[in-house]
1. Among the DSSP beta bridges whose two residues both lie in the stretch 2-214, what percent are antiparallel, rounded to the nearest 5?
2. List the residues, sorted by chain then number, that are 5 or more residues from ASP19 or on another chain and whose placed amide H is less than 5 Å from its amide H.
3. Let a ≥ b ≥ c be the square roots of the eigenvalues of the Cα gyration tensor of the stretch 2-214; is it rounded (a/c under 1.5), or, if not, prolate (a/b larger than b/c) or oblate?
4. Return the long-range amide H neighbours of ILE33 (sequence gap of 5 or more, or a different chain), with a cut-off of under 5 Å between placed amide H atoms.
5. At 0.36 nm per residue, and after removing the present C-alpha to C-alpha distance, how many nm does the segment from ASP243 to ALA134 gain when stretched out fully?
6. Mind listing the phi-derived Karplus ³J(HN,Hα) values for the stretch 92-108, rounded to whole Hz, using 6.51, -1.76 and 1.60 with θ = phi - 60°, and x for any glycine or proline?
7. Of the heavy-atom accessible surface of the chain (probe 1.4 angstrom), what whole percent is carbon and sulfur?
8. Students often get this wrong: which residues of the stretch 236-252 have the backbone nitrogen under 13 Å from the point 7 angstrom along Cα-to-C-beta of GLU260?
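The values are calculated or read from the model by the stated rules, or taken from the named source; none is laboratory data. These numbers come from a predicted model, not from an experiment. Glycine also receives a Cβ, built like all others from the backbone with ideal geometry; neighbour counts cover every protein chain displayed. When the accessible area is computed, the model is the full protein with side chains, heavy atoms only, and any ligands, DNA or RNA have been set aside. Shrake-Rupley method; radii C 1.70, N 1.55, O 1.52, S 1.80 Å.
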Amino acid sequence: MRIIIPIKQVPETSNVKMDPETGTMVREGVESIINPLDLYSIELGIRLKEQYGGEIIVVSMGPPKAQEALREAIAMGCDDAVLLTDRFFAGADTFATSYTLTKAMEKLKPFDLIICGERATDGDTAQVGPGLAALLGLPLSTFTSRIELEDGCIKATRLIEGGYEVLSLPTPALVTVVKEISDPRLPTLRGKQKAKKLEIKKWTAQDMEADTAKTGLKGSPTRVVKTFNPKVAREGKLIEVKDEKTLAQAVDEIISLLKEKAAI
Ligand SMILES: Cc1cc2nc3c(=O)[nH]c(=O)nc-3n(C[C@H](O)[C@H](O)[C@H](O)COP(=O)(O)OP(=O)(O)OC[C@H]3O[C@@H](n4cnc5c(N)ncnc54)[C@H](O)[C@@H]3O)c2cc1C
């Protein structure tokens, strides 16, 4: 199996700051990590390779710093890595990101499976996986929690409201995964040594024959018009319970409140 895994390097989320001018996230000087759900994609890829053979290539669109994330993926057990880096890619929204990744996938053909995380912790839109599948014309399974190969197809089990759905996808296909899919392993010492030595390929827009009118801020229809911290106005009433008597009163009060709100 030839598996491609797009991964995103994201700011470590404990102290996210927004730039009041541009309305976008301040990324300079902030510690970066591999997008947590992409660790589950990588683990799934490695298990499929262990079961069916083949190779895994990790791809990331980002600044040169994103090589750290790619090396971590190699240390976990992936075989090769490509960094898509170019000033024409800066400021890309999900549409421009999906287009740029599509050009990379076209250059990496043939492949059997693309594995994306269901969402990234910074944009948090869950749009890039489906966007990539649409632009490449691939069958898609989102929220995928289980994968098997059956009669040359990808048998994907995905979470839906109230249960599961099982899809049979002809290859090549694209899946986005949720945490239930695997349990990420830690990088091995041998993996870390390999990651240190690996020459990571760097592709520009020109290398991929990408139209720069469709990449970066220029190719992004999204405009951040305003960012603000929403004020959560909690209307509430404190009902104190001291003993059996006040407990009974409290229950009555809560029931009449719920009736008032037509909640019961
Ligand atoms: C106006 C504007 C400016 C922005 N400027 C920047 C910026 O300068 N730098 C920046 O990093 N972000 C920037 N962003 C955010 C960026 O658009 C999104 O983070 C990116 O498009 C991915 O969308 P998402 O985070 O919602 O990913 P999701 O759709 O939630 O991600 C799902 C999956 O898609 C794949 N994926 C997502 N992004 C990448 C990637 N870059 N490389 C490889 N695989 C990927 C991964 O498998 C991931 O698990 C900007 C957004 C806007 C609207």
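1. Numbers: 18 of 41 bridges.
Rounded to the nearest five, the antiparallel share is 45 percent.
2. Here the answer is THR24, MET25, VAL26, since their amide H atoms fall under 5 Å of that of ASP19.
3. Details: a/c = 1.38, a/b = 1.28, b/c = 1.08.
The shape class here is rounded.
4. Correct list: VAL10, GLU12.
5. Full extension from ASP243 to ALA134 adds 33.1 nm.
6. 6, 8, 5, 5, 5, 5, 4, 4, 5, 5, 4, 5, 5, 5, 4, 6, 8
7. Values: 8360 of 15420 Å².
After summing per-atom areas, the C and S share lands at 54 percent.
8. Zone members listed by number: 236-239, 252.
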